[in-house]
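What follows is one structure encoded as structure tokens, with my remarks underneath.
A short reminder: the numbers here are calculations on the coordinates, not readings from a lab. All values derive from a computational prediction rather than experimental measurement. Note that each Cβ is placed from the backbone with ideal geometry, even for glycine, and that neighbours are counted across all protein chains shown.
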Amino acid sequence: MSMIRKGAAVGNVFYICPSLNEAVLSGARVGTYEIDAERYHPLKSERHLQNYESLVGKGRQG
């Protein structure tokens, strides 16, 4: 969230890596968690966001 508050966008897009770097520098633990492909919802574009919102609206939050 601090990256958004700071306005740290590149070409009006926010990336996850700077947020992870800040978390690590703050002492947080960062790891990975395997999920099924059908539960993965990328939010890289307006279309991805609309697809996810339509799933949530139907009660399928994955």
**Fill in**
Asserting the computed 222 nm helical MRE of the chain (DSSP H runs at least 4 long, -39500 (n - 2.57) per run, divided by residue count, to nearest 500) equals -12500 deg cm²/dmol
**Prompt:** For Tyr33 and Ser54 in the same chain, what is the full-extension length gain: residue separation times 0.36 nm, less their Cα-Cα distance, in nm?
**Reply:** 5.1 nm
**Item:** Filtered trypsin sites (Lys or Arg not before Pro), segment 20-62: DSSP coil and at most 15 other beta carbons within 10 Å
**Value:** Arg29, Lys44, Lys58, Arg60
**Asked** So what's the angle, to the nearest 10 degrees on a 0 to 90 scale, between helix 46-57 and the longest Cα principal axis of the chain?
**Response** 60
**Request:** Count neighbours as other Cβ atoms within 10 Å of each site's Cβ, and list the GluC sites (Glu not before Pro) in the chain that are DSSP loop with at most 16 such neighbours.
**Result:** Glu34
**Message:** Checking the a/c ratio against 1.5 first, then a/b against b/c, what shape does the Cα gyration tensor give for the chain?
**Reply:** oblate
**Fill in**
To the nearest 10 degrees, the tilt of helix 16-25 (Cα long axis) against the first principal axis of the alpha carbons of the chain is 40
